[in-house]
1. Can you say whether A:Arg85 is surrounded by fewer than 24 Cβ atoms within 10 Å (Cβ to Cβ), within 14 Å of another protein chain (Cβ to nearest Cβ), in contact (Cβ under 8 Å) with a residue 60 or more places away in the chain and not β-branched (Val, Ile, Thr), as far as the supplied structure shows?
2. Within the set of pairs 6+ apart or on separate chains, which have a first residue in the range B:69-81 that is within 9 Å of chain A (Cβ to nearest Cβ) and in a loop (DSSP other than H, G, I, E, B), a second that is of a type in the set (S, T, N, Q) and surrounded by fewer than 23 Cβ atoms within 10 Å (Cβ to Cβ), and C-beta atoms under 9 Å apart?
3. Tally time: how many residues in the range A:381-400 are in contact with a Gly (Cβ under 8 Å, 6 or more places away or on another chain) and open to solvent by 10 Å² or more (accessible area, probe 1.4 Å)?
4. Among the numbered criteria (1) surrounded by 23 or more Cβ atoms within 10 Å (Cβ to Cβ); (2) in contact with an Asp or Glu (Cβ under 7 Å, 6 or more places away or on another chain); (3) not β-branched (Val, Ile, Thr), which one does A:Glu104 miss?
5. Tell me, please, whether a residue that is hydroxyl-bearing (Ser, Thr, Tyr), at negative phi and open to solvent by 30 Å² or more (accessible area, probe 1.4 Å) can be found in the range B:34-57.
6. Report yes if some residue within the range A:430-449 is under 19 Å from the mean Cα position of the chain (by Cα) and within 14 Å of chain B (Cβ to nearest Cβ); otherwise report no.
7. Considering B:Ala210, B:Ala180, B:Ala148, which residue is touching a strand residue (DSSP E or B) at 6+ places or on another chain (Cβ under 6 Å) and either away from chain A (no Cβ under 13 Å) or touching a residue at least 60 places away in the same chain (Cβ under 8 Å) (or both)?
8. Mind checking which residues of the range B:357-380 are open to solvent by less than 30 Å² (accessible area, probe 1.4 Å) and of a type in the set (D, E, K, R)?
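The values are calculated or read from the model by the stated rules, or taken from the named source; none is laboratory data. Computed from a prediction, not measured in an experiment: that's the story for all the values here. A quick note on method: Cβ atoms are made from the backbone with ideal geometry, for glycine too, and the neighbour counts reach across all protein chains shown. Heavy atoms of the whole protein, side chains included, go into the accessibility calculation; ligands, DNA and RNA do not. Shrake-Rupley method; radii C 1.70, N 1.55, O 1.52, S 1.80 Å.
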There are 2 protein chains.
Amino acid sequence: MNHLKKITLTEDEIPHQWYNIVADMPNKPLPPLHPGTKEPIGPEMLAPLFPMALIKQEVTGDTWVDIPEEVRDVYKIWRPTPMYRAFGLEKALGTNSKIYYKYEGVSPAGSHKPNTAVPQAYYNRQEGVKRITTETGAGQWGSALSFACQLFGIECEVYMVRVSYEGKPYRKILMNTWGATVYPSPSDRTESGRKILAQDPNSPGSLGIAISEAVELAMQDDQTKYALGSVLNHVLMHQTVIGLESIKQLEKAGDMPDIVVAPFGGGSNFAGIAFPFLRYNLTEGKNIRCIAAEPASCPKLTRGEFRYDLGDTVGMTPLLPMYTLGHNFVPAPIHAGGLRYHGAGAIVSQLLKDGLIEAQSLKQLECFESGILFARTEGIVPAPEATHAIATVMREAKKADEAGESKTILFNLCGHGHFDMGAYEQYLSGKLVEHEVTQEEISASLAELDTPVIA
Amino acid sequence: MNHLKKITLTEDEIPHQWYNIVADMPNKPLPPLHPGTKEPIGPEMLAPLFPMALIKQEVTGDTWVDIPEEVRDVYKIWRPTPMYRAFGLEKALGTNSKIYYKYEGVSPAGSHKPNTAVPQAYYNRQEGVKRITTETGAGQWGSALSFACQLFGIECEVYMVRVSYEGKPYRKILMNTWGATVYPSPSDRTESGRKILAQDPNSPGSLGIAISEAVELAMQDDQTKYALGSVLNHVLMHQTVIGLESIKQLEKAGDMPDIVVAPFGGGSNFAGIAFPFLRYNLTEGKNIRCIAAEPASCPKLTRGEFRYDLGDTVGMTPLLPMYTLGHNFVPAPIHAGGLRYHGAGAIVSQLLKDGLIEAQSLKQLECFESGILFARTEGIVPAPEATHAIATVMREAKKADEAGESKTILFNLCGHGHFDMGAYEQYLSGKLVEHEVTQEEISASLAELDTPVIA
């Protein structure tokens, strides 16, 4: 069966349950702490922000969680997503390894983000929520949530990092097309935004600031909740439909991966494809290498510290256990906006701490070079975030060839680059700049924290 | 089986043959004429422009033409494309009709155009062609051909209507990403371009001018050929994979359409989905209504004349039998750039003349309104071209409801709108202007022609 280029599933093969890796982890993720008392907080503290169904998912120890039929019905718009064998790329590389990719760019919003936006909108609607606030950087998450809220009849208010709001107007219009209201952040609509603007009226904004604004608004209003596109346990769990489908597809191809690769921002992309494969390692003694590919300019996994830190800039969130660069760290303006977050989710951080997953960091020139080769051999133009996985796959294929081995490599092609052509233009015209981050910058950012380091 | 939202096929269900409707037409399409002698031209006259394999397809009387395996292998990147039941749109309309759509936007270039770009590049490569020239308006065709040429190792040179080159830079970068060279047209690289520039140095360009430039260059060089994205018989035939897959998908759903709708530019979009269904009318006495949806500002089918006319502006092409507005007609700058062509292909024109198909014209405000409703109920943001089909479907569903009937309607969602967000912004901000074309303008344009009118 290995001649298949595209491995498809029918809509009845969309998973009926999400996989919760927490149940199988040898060391469970640490609890969030109250930022004042530094004591663990209970689920009830999250109630102003999230509907109870999602809070339950955040703390559940169950291995499998049912996907509501109404959510599966919406998933059918783009799921099951196709899996491809990268024959064109393999040939161009001259590799003896086999490369597969799962393509999440077929969703209406163009990335994997709707996998969690849809259930989040659904559970909010079930509990009578009228409005959801959120933040977005490059716009992938904001557009996914706009799409999902529109389908479930919920108002969606998006705080978009100002530099992206101004530089990526088409993502904003996409959100408007789905009926959402989009504000540049920092805005004067919140205490948090006004505080930042008072310090710097020309602030370009950051994800951390935008989170502060969205969280603040949700705290103030009973009928408004907040939604996050990565980091949290329930978000990562929703994404496991990617890996669960991938297992079925590779079974059809009669194959299993030696290596699974995904881009890494807050963890949802990586968790989505990797956790269902990690389950074989955790429960059946398999040894599938799962590699998180992060940008060299925002290297929380490879150069950050494992300690408690805020999820936002202003301090509206609990303290979360994360590999972090510090919540005031401002990543360079790389084109992979979805990977510009200072910290990693609690589950992924624990897995890394325990040596159960790996991480690599990549500079953006190597990533775009890989992305162009991919577009020219496989046809699909990848999102800048996705090129981090492609470049990592190319490294691993080369290593295997040099060792005289043949590996089976699977990666998550998490989105298309249709809204990122400005980045490709910069690369093609030789104007793309490389961003370095020094150890001094990272140390200085971490030195500002007064939160517990995790042994 | 009618509960299915998405009807998928596996890659072995990609058709093995294209359908050539000419074999089943009661009156065959008229031949092209030499622009000087006005005598029918033989296939050999086309040899400087096209490889022999495509010229043979242009004139074949065979009902079925084999699809080469190498072409099917590339089709596998995005084919079979999904078919959807529009449950969300049906509910919003409150209609008793069933609405299905075939989604061609999953191709790497984002539209149905690669269905013919790939075989055209393939046959050119088979015959040793080194370079292909072409024109593009909004950029859908140019990007499809760039993608196809890259995969087959052929240079691609695209003449892009200047107003689009300047106003839609991201489509140009997409072509560059696939390795193509793109020039604004009119350019100073051709006799044709220089002639236009001498008359008007600020000419915004038009499809007709860009065709003149691309054809001129192909005529001058043995190793360079030309490729057209619509109008010609072989192009329409390549697109029939859309309708052939649709038939298999509707069989799985246990359904058959009463009405098939597609947007209409030069005919390839419409032919692609409609011809395989028209076959049932022509050979089995069925009565499936096939409706071409054209823009009111470029109404060749509903208000043009059936006569011989040039395919381009300068006069580099043979005379083609077409419903036309005259080759000097300059359509208003509507956002559906892919529908801004003055004439219709020979086959489609003959079918319309013989009353075997229908046509409707639509203004762009109605189209965008329908497109927004579609995006908000079905999730996918349609290309402006595709909104013409959606608006027509909504008209037909309403008519059926008013008559107390329930129809099964299928339409071709020929592409996504990711590169057209500027158009959506105009609509959402109330700035979209309506374009009318008067009978005087059409008559004046047609009065310039000295070519045979067809009785």
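1. Spelling it out, A:Arg85 is indeed surrounded by fewer than 24 Cβ atoms within 10 Å (Cβ to Cβ), within 14 Å of another protein chain (Cβ to nearest Cβ), in contact (Cβ under 8 Å) with a residue 60 or more places away in the chain and not β-branched (Val, Ile, Thr).
2. B:Pro80/A:Thr8; B:Pro80/B:Thr8; B:Pro80/B:Thr10
3. The total comes to 1.
4. It is condition (2) that A:Glu104 fails.
5. Taking every residue of the range B:34-57 in turn, at least one turns out to be hydroxyl-bearing (Ser, Thr, Tyr), at negative phi and open to solvent by 30 Å² or more (accessible area, probe 1.4 Å).
6. No, the conditions are met nowhere in the range A:430-449.
7. B:Ala210
8. B:Glu378
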